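Here's the structure, in structure tokens; my notes come after.
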Amino acid sequence: MFKYVMLVVLALVCRTGCAQEEVPFKELVFQGASGYRPGENLEYFLFAQGFVQGVSPEEQAAIIADWTGQHPHARLVPVSILGERSPFPIVYAWAVDGDDNLNLLLVRKGVYPALTMLDPPRFAQLVERAKPARYAKLLAAQERRGNPTGIPARRLVPAARYDDFLKKLVAAEAAAQADMNGIWSDRFKPMRDKLGLTPLATLPPME
């Protein structure tokens, strides 16, 4: 029994340790914005939460494939982990190559609104502080369903690095909205109005 317990503990430690390591982005196998690394039981996402997107799955796949081809040395940076003790933890991650960031590109092209890129700890602060529109509440409910253990998500990157990403995230969404790309085009206005979807910059700031 003791041996079995130790094996479980070691598996959890290994899984958590692997989740925190940067790895070559090209090692992941992606289906849309969800991917896995062969040999691991972690699921990686290029967005933290979300259920709407401003392009077709084929267009999104093309954007990711094109960026990957142009950045063969890109790294996958784990940002936060959800469901840490579940059989299949979920890791929100960035794909980066120097100053280039695939997550920001997806927002810049209107594939996703910036809200979907907030990691669970920051998103929880937003929901509690701002009491935002229906879209954010639906995202919060989705996250609860995806975290059966109920263990709070844990951020894996330093606060300074995350705060720098947030500034660039707001700028990327502002550019997407100005150009009416994807989710910010007239085509999606009825859906935005129905869900109360607004740019991240319009919501009350967080400390």
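Can you pull out every residue in the range 48-93 that is of a type in the set (Phe, Trp, Tyr) and under 20 Å from Lys109 (Cβ atoms)?
Selection gives Phe51, Trp67, Tyr92.
Restricting attention to the range 83-105, which residues are assigned to a loop (DSSP other than H, G, I, E, B) and in contact (Cβ under 8 Å) with a residue 40 or more places away in the chain?
Gly83, Glu84, Arg85, Ser86, Pro87, Phe88, Pro89
Restricting attention to the range 101-111, and to residues there that are closer than 20 Å to Ala74 by Cβ and open to solvent by less than 10 Å² (accessible area, probe 1.4 Å), which single residue is nearest to the chain's Cα centre (by Cα)?
Taking the candidates together, the pick is Asn103.
Restrict the check to the range 138-147 and report whether at least one residue is surrounded by 21 or more Cβ atoms within 10 Å (Cβ to Cβ) and modelled with pLDDT under 70.
So far as the range 138-147 goes, yes, one or more of its residues are surrounded by 21 or more Cβ atoms within 10 Å (Cβ to Cβ) and modelled with pLDDT under 70.
Return only the number of the condition from (1) under 18 Å from Arg108 (Cβ atoms); (2) open to solvent by less than 70 Å² (accessible area, probe 1.4 Å); (3) at pLDDT below 90 that Thr202 does not satisfy.
(2)
Can you pull out the residues in the range 29-40 that are surrounded by fewer than 20 Cβ atoms within 10 Å (Cβ to Cβ) and under 18 Å from the mean Cα position of the chain (by Cα)?
Scanning the range 29-40 gives Val29, Phe30, Gln31, Gly32, Ser34, Tyr36, Arg37.
List, please: which pairs have Cβ atoms under 8 Å, are six or more places apart or on different chains, and start with a residue in the range 53-75 that is farther than 16 Å from Val29 by Cα and open to solvent by 50 Å² or more (accessible area, probe 1.4 Å) and end with one that is of a type in the set (A, V, I, L, M, F, W, C) and at pLDDT 95 or above?
Within 8 Å, the pairs are Gln53/Val111; Gln53/Ile183; Glu59/Val111.
Residues in the range 72-82: is at least one of a type outside the set (Phe, Trp, Tyr), part of a loop (DSSP other than H, G, I, E, B) and touching a helix residue (DSSP H, G or I) at 6+ places or on another chain (Cβ under 8 Å)?
Checked against the condition, which is being of a type outside the set (Phe, Trp, Tyr), part of a loop (DSSP other than H, G, I, E, B) and touching a helix residue (DSSP H, G or I) at 6+ places or on another chain (Cβ under 8 Å), the range 72-82 yields at least one hit.
In the range 150-176, how many residues are open to solvent by 60 Å² or more (accessible area, probe 1.4 Å), touching a residue at least 24 places away in the same chain (Cβ under 8 Å) and in a helix (DSSP H, G or I)?
1
The values are calculated or read from the model by the stated rules, or taken from the named source; none is laboratory data. None of the values given here were measured: they were computed from a predicted structure. Here the Cβ is made from the backbone with ideal geometry for all residues, glycine too, and neighbour counts use every protein chain on show. Surface areas here come from the heavy atoms of the whole protein model, side chains and all, with no ligands, DNA or RNA. Shrake-Rupley method; radii C 1.70, N 1.55, O 1.52, S 1.80 Å.
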